[in-house]
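A quick write-up on the structure given underneath.
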Amino acid sequence: HNSDMDERPSNNTGVAYGSHPNQTINATRVLSDLNGHLKKLGQSEQFARGNLYRASEDVQEEEVEDDQDEQYHHHHQTQQQRHQQSHLSHQYQGSVKQTSNPSITDNMDHVIEQAYMNQGSRIHILNLFLKYNRSHNQVFLDSFDQVMACIFMCLDSEDIRIKESSLQVLKDIILLQAPRCYDYSEAIVEKIFENYVFNGQVATGGEDTLDQLAKTQHPEMILRLLLPKIMTEEVPKVQAVIKLVTGVVRFVAPQSLHPLLPDLANSLFERFNHKHADVRKTV
């Protein structure tokens with residue numbers, strides 16, 4: 001070796017690294033392979049990051065869908081709870097439909113039972129009767145006797161609003177179910193007379209209801225029922241019955257009225273002698 005020659009590390013064979021061409025080629029290949037591996041690692045990392053990003057988006061979408069599902073189920077559950085609460089608070093209404101299902105009849109029985117037990121529900125139940133009557137509900141018609149008894153009971157209520165509602169329903173039933181009401185004519189007249197005046201208040205629907213009864217039934221029969229009541233001494237009621245008689249007379253045919261004129265005229269003349277001026281004015 002020359003003394004001025006750069007010292008190079010040697011291997012066991014005494015040959016310096018890089019002194020042989022094959023060793024330079026091998027080193028170049030190693031570097032190339034390392035670069036290739038690094039590129040592959042970089043691509044793998046990008047691919048992994050891409051997969052991670054897409055997976056994150058999928059998770060977010062699933063979370064949104066889960067939130068939407070949860071909101072839907074919560075809304076649906078809330079609606080069901082509200083429906084159940086409404087059903088419980090209005091249980092006495094029943095789900096009355098035109099069907100022969102016995103359970104529907106049970107519901108009508110329950111409605112009527114509620115009217116007897118709970119005075120606060122009577123106006124609502126009377127409105128149900130009005131609805132069922134106008135729709136010619138078969139279950140309502142099948143329970144006609146119980147319905148009429150319930151209406152008469154409501155007429156006896158001390159609440160003037162319930163009395164007026166009862167008279168409205170009764171008038172509507174007389175209009176649409178006239179043949180069924182024939183057997184109730186006397187009871188209707190009695191109830192209207194009893195409840196026309198109550199605690200100084202006049203149930204104005206009484207006259208309209210009786211007029212409707214006179215239009216659809218035999219008015220002379222109604223007049224015969226009212227005539228004896230003219231002789232009552234109770235001050236508000238004697239005026240009331242005279243007003244009712246006045247309304248019914250309009251519907252009686254002349255040939256039917258002639259036999260009744262003596263009784264009618266004598267009763268009215270007798271009331272001219274009443275001690276209360278209001279009664280005399282009404283006559």
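The values are calculated or read from the model by the stated rules, or taken from the named source; none is laboratory data. Computed from a predicted model, the values in this text were never measured in an experiment. Note that each Cβ is placed from the backbone with ideal geometry, even for glycine, and that neighbours are counted across all protein chains shown. The area values use the complete protein model at the heavy-atom level, side chains included, leaving out ligands, DNA and RNA. Shrake-Rupley method; radii C 1.70, N 1.55, O 1.52, S 1.80 Å.
Just a few scattered comments:
- Pairs, first more than 22 Å from Arg280 (Cα to Cα) in segment 219-233, second open to solvent by 10 Å² or more (accessible area, probe 1.4 Å) and not in a loop (DSSP other than H, G, I, E, B), C-beta under 6 Å, six or more apart: Glu220/Ser256
- Segment 180-230 - residue that is more than 22 Å from Ala149 (Cβ to Cβ) and not in a helix (DSSP H, G or I) and, of those, most open to solvent (accessible area, probe 1.4 Å): Asn199
- Residue pairs meeting the criteria (Cβ under 7 Å; at least 6 apart or on separate chains; first of a type in the set (Ser, Thr, Tyr), in segment 149-177; second buried (at least 19 other Cβ atoms within 10 Å of the Cβ)): Ser157/Arg122; Ser157/Lys163; Ser165/Leu126; Ser166/Leu126; Ser166/Ile151; Ser166/Cys154; Ser166/Leu155
- Considering segment 128-140, the residues that are open to solvent by 20 Å² or more (accessible area, probe 1.4 Å) and assigned to a helix (DSSP H, G or I) include one that is nearest to Asn107 (Cα to Cα), namely Gln138.
- Which numbered condition Ser86 fails, given (1) open to solvent by 20 Å² or more (accessible area, probe 1.4 Å); (2) at pLDDT 85 or above; (3) more than 23 Å from Ser185 (Cβ to Cβ); (4) of a type in the set (Gly, Ala, Ser): (2)
- Checked against (1) touching a helix residue (DSSP H, G or I) at 6+ places or on another chain (Cβ under 7 Å); (2) open to solvent by 50 Å² or more (accessible area, probe 1.4 Å); (3) among the basic types (Lys, Arg), Lys163 meets all criteria but (2).
- Within segment 250-281, the residues that satisfy the criterion of being open to solvent by less than 40 Å² (accessible area, probe 1.4 Å) and either closer than 18 Å to Met221 by Cα or not aliphatic (A, V, I, L, M) (or both) are Val252, Ala253, Ser256, Leu257, Leu260, Leu264, Ala265, Ser267, Arg271, His274.
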